[in-house]
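Engineer: Handing you a structure now.
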């Protein structure tokens, strides 16, 4: 049987933007930090875009944040990206890795159950029993591979890991060497190649869950990724990302700009607890991030195409808000209905009226 073409749900950026990376590399003749594929100037263009070269802007944020992040990595200090959930910390780390070392897949997902062998290395126990410890029976984890290949390892949500697991990184970040106690001779020490580094992320809602030690903090440069402050910028991002996702899903409908404007305005007001006219409103306990707004807009398009009238409307927005944005807190659903009854009812325009009429699907405030 002939091989079927496989469509990946989320290819890594080095695959999605392979042509852009090749284009930048072809004209990139400036100085590069040791082990980097591109110069910092080319990395900046890849992330922030360059209209003259036709390079798409991929990260909506402060250019100085990108510059400081690159400087930290170029000086062999680890980089720590902190911020609210959904503010594109992981996206920025992926883009930096794709441009600098061509591989964003060397990733450790932090959690309460994360162990050292998931970070460093483990063993093929069948070979270990039959042959004893050797490089043949060693199974490299992302950190091991990054050191061996001179690449950047991504450590997602590092503060969700127990402190003893976090502190296992201290000697590696300081001395750039990993001791393999089970082996003898030269193989007992893995010295990192040029280009090795680490980008860690942590969201502010996890602060205090597993506080980082002062020793580990000293080995990292901290950069805060802030939510998008400007309404028009956030609306443009939600609009473009929603259209891209719906097109990839073969859904031939896109929410109107007026409806997306209602969505973004609602998210911003429920996120800040303040309306555009300066009034106070309830803040939801769930994350009302730009990433969640894109998810809701995407759900609106899918719902209207498969289950609705074919054109996204205010009812699709309310259904999608209840299903995608509001999580496990029943009070948030009540707060959302109260917001619609007290704030949305005063707004002019068809989408706002449709949202108000659809409020009945939510619990009584």
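What follows is calculated from the coordinates using simple rules that are stated; it is not laboratory data. Since this is a predicted model, take the numbers as computed values, not measurements.
Engineer: When the Debye formula is applied to the Cα atoms of region 263-319, each taken as the same point scatterer, what base-10 log of I(q)/I(0) results at q = 0.18, 0.19, 0.28 Å⁻¹?
Structural biologist: Values returned for q = 0.18, 0.19, 0.28 Å⁻¹ are -0.64, -0.69, -1.04.
Engineer: Specify the angular offset, from 0 to 90 degrees and rounded to the nearest 10, of the alpha carbon long axis of helix 257-272 from the longest principal axis of the alpha carbons in the chain.
Structural biologist: 70
Engineer: Oh, and also: Rounded to the nearest 5, what is the percent of antiparallel bridges among the DSSP beta bridges in region 13-225?
Structural biologist: Roughly 30 percent of the beta bridges in region 13-225 run antiparallel, per DSSP.
Engineer: From zero up to wherever the largest Cα-Cα distance of region 231-361 sits, split into 10 Å bins and tell me the percent of pairs in each.
Structural biologist: Percent of pairs per bin, in order: 14, 48, 33, 5, 0.
Engineer: In terms of the ratio Rg/(2.2 N^0.38 Å) built on C-alpha atoms, what value belongs to region 13-225?
Structural biologist: In units of the 2.2 N^0.38 Å rule of thumb, it is 1.06.
Engineer: Same structure, new question: Which residue fluctuates most in the GNM of the chain (Cα springs below 10 Å): 150, 49, 279?
Structural biologist: Comparing 150, 49, 279 in the GNM, the peak value goes to 279.
Engineer: How big is the gap, in Å, between the Cα center of region 327-347 and the Cα center of region 264-295?
Structural biologist: The two parts, judged by their Cα centres, are 11 Å apart.
Engineer: Then there's this: Rounded to the nearest 5, what % of DSSP beta bridges with both residues in the chain are antiparallel?
Structural biologist: In the chain, DSSP labels about 30 percent of beta bridges as antiparallel.
Engineer: Nearest 500 deg cm²/dmol is fine: what mean residue ellipticity at 222 nm does the chain get from its DSSP H runs of n ≥ 4 alone, each adding -39,500 (n - 2.57), divided by its residue count?
Structural biologist: My calculation for the chain gives -12500 deg cm²/dmol from helical runs alone.
Engineer: On a C-alpha basis, how far is the centre of region 29-81 from the centre of region 178-229 in Å? Whole number, if you could?
Structural biologist: Here the answer is 20 Å between Cα centres.
Engineer: According to the Kirkwood expression over distinct Cα-Cα pairs, how big is the hydrodynamic radius of the chain, in Å?
Structural biologist: Result for the chain stands at 22.9 Å.
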